[in-house]
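A short worksheet on the structure shown next.
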């Protein structure tokens, strides 16, 4: 089987991100998978076997790990393009995660060069697919997914330990999991928290590239929580939110949290992001007033049938499914080049 390498741009311990999830699945499905982690200042050089076929190299040479050729280099940080050659890959994959604009504008100077060096381009959204296929002959849509088994326990409220920093007032809990960043629609959040003083709004995640614009008695921030604890928080939600602004960047975003929310069966309310409205089974609010109405509809008019549809949709969008799709494409390209 081929060997696939992820260069040192992300720390492996953040298991909820797309690269780590996919590399877990690549290893389970038979690829020798080597994930290079830049590590922290105090971390020593090391090579650790995490499970069968999956190795994490911290500040060390992945080519020193015993492996078979051909080698696939999986690149998702465009700035890494200048270092591709030292990995001596037989196949280069560019995984286009987000639109290189606004918050990700620093990627823009490197994207054209990476796309030119890549043999395959995977994209997470239809917008990115449509843009890249005009510039590259081998582009494939591979959206984000979910570790369904990890989040499924949140379908049964009370089955997991209730986190102590979730309010227990008996009032409806309207929740969000993810970074508290500039791409959130803070004006929308200001409006719905004002309109619903009898709801508790819980935001689980770290502040990222922004400061909290307001403080309210019905708004609760838990800060960063490890991936393993997210189902404990989600089980407490009555409605899950995706309150993103509509921008060039978010229009190309395929939110991982969308699939994680759906895995719980809990109703989801979102702004009209193309990747969300196209999926279905989610309440959409195009204005603050309509978004607020959808929160109330999700809270008061949900059904068992609706929950079952959301759960079914999540199960159909697993990370294993995404990894199998990507491996099929990569194997076909390796065979066409005579490597396997």
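Here, each number is a calculation from the coordinates, and none is a lab measurement. Being a predicted model, the structure only gives us computed values, none of them experimental. All Cβ positions, glycine included, derive from the backbone under ideal geometry; neighbour counts span all protein chains shown.
Key figures
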item	result
Whole-Å distance, taken between Cα centres, linking the stretch 246-324 and the stretch 134-179	10
The chain - percent relative contact order, Cα under 8 Å, separation 6 or more	15
Fewest-first sequence of 189, 4 by Cβ atoms within 10 Å of each Cβ	189, 4
Label-point separation in nm, residue 102 to residue 320, each point 7 Å along Cα→Cβ	3.5
Cα-based shape type of the stretch 148-315, given that a ≥ b ≥ c are square roots of the gyration tensor eigenvalues and the cut on a/c is 1.5	rounded
Relative contact order for the stretch 37-78, counting Cα pairs under 8 Å that sit 6 or more residues apart, in percent	32
Full-extension gain in nm, residue 88 to residue 136, via 0.36 nm per residue minus C-alpha separation	15.1 nm
Span from the the stretch 73-110 Cα centroid across to the the stretch 203-232 one, whole angstrom	30
Efficiency of FRET between residue 59 and residue 29 - r from beta-carbon atoms, R0 30 angstrom, step 0.05	0.65
Full-extension gain in nm, residue 186 to residue 112, via 0.36 nm per residue minus C-alpha separation	23.3 nm
Peptide ranges 205-214, 101-110 listed from the most packed, as the mean C-beta count within 10 angstrom indicates	101-110, 205-214
Where labels lie 7 Å past Cα in the beta-carbon direction, separation of residue 228 and residue 215 in nm	3.3
Global form of the chain, assessed from the alpha-carbon gyration tensor, a/c cut-off 1.5	prolate
Theoretical ellipticity at 222 nm over the chain - DSSP helices of four or more residues, -39500 (n - 2.57) apiece, nearest 500	-9000 deg cm²/dmol
Extended-chain gain in nm, criterion 0.36 nm per residue less alpha-carbon gap, residue 156 and residue 49	35.1 nm
